[in-house]
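To start, the structure under review is shown below, and the notes come after it.
The values are calculated or read from the model by the stated rules, or taken from the named source; none is laboratory data. Since we're looking at a predicted model, the values are computed, not measured. No Cβ is skipped: glycine too gets one built from the backbone with ideal geometry, and neighbour counts run over all protein chains shown. Each accessible area value is taken on the protein alone, full model and side chains, heavy atoms only, with ligands, DNA and RNA left out. Shrake-Rupley method; radii C 1.70, N 1.55, O 1.52, S 1.80 Å.
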Amino acid sequence: AAEEAAPAAGAPAAPPAPASAEAPVPVMSRPDSELRALIRELREQIVKTSDYVGDEFADLARKMHEGEIEHRSIYGEATVEEVKALREDDVEVLPLPVLPEDRN
């Protein structure tokens, strides 16, 4: 039986076969899709179990942190400056996860 010759050291490898123009290319891999579903589920759970307070978010978060009002789960709107000030004062705030398709 004839043995195949091994390629010579330093010889260029054969170029990869070109991808078929008709082969579908996934926009999102399965792990990405699953991660997005989990992020969406997390956001929906936060919205379902928290009170929307609009632009009063920063003020209410600070009052809760300082013990002026009872703690509860809230979400709302805050400017970058308001969030910076809250974090500087050790008030725990996190942005709600937003997926790219939510912005469309």
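Here are a few things to note about the model shown:
- From 38, 42, residue being open to solvent by 100 Å² or more (accessible area, probe 1.4 Å) and at pLDDT below 95: 38
- Pairs with Cβ under 8 Å, 6+ apart, first in segment 46-58 and over 8 Å from residue 78 (Cα atoms), second open to solvent by 20 Å² or more (accessible area, probe 1.4 Å) and of a type in the set (S, T, N, Q): 46/73; 49/73; 50/73; 51/73
- When segment 90-100 is limited to residues that are free of Cβ contacts under 8 Å to residues at least 40 places away in the same chain and surrounded by 11 or more Cβ atoms within 10 Å (Cβ to Cβ), the one that is nearest to residue 48 (Cα to Cα) turns out to be 93.
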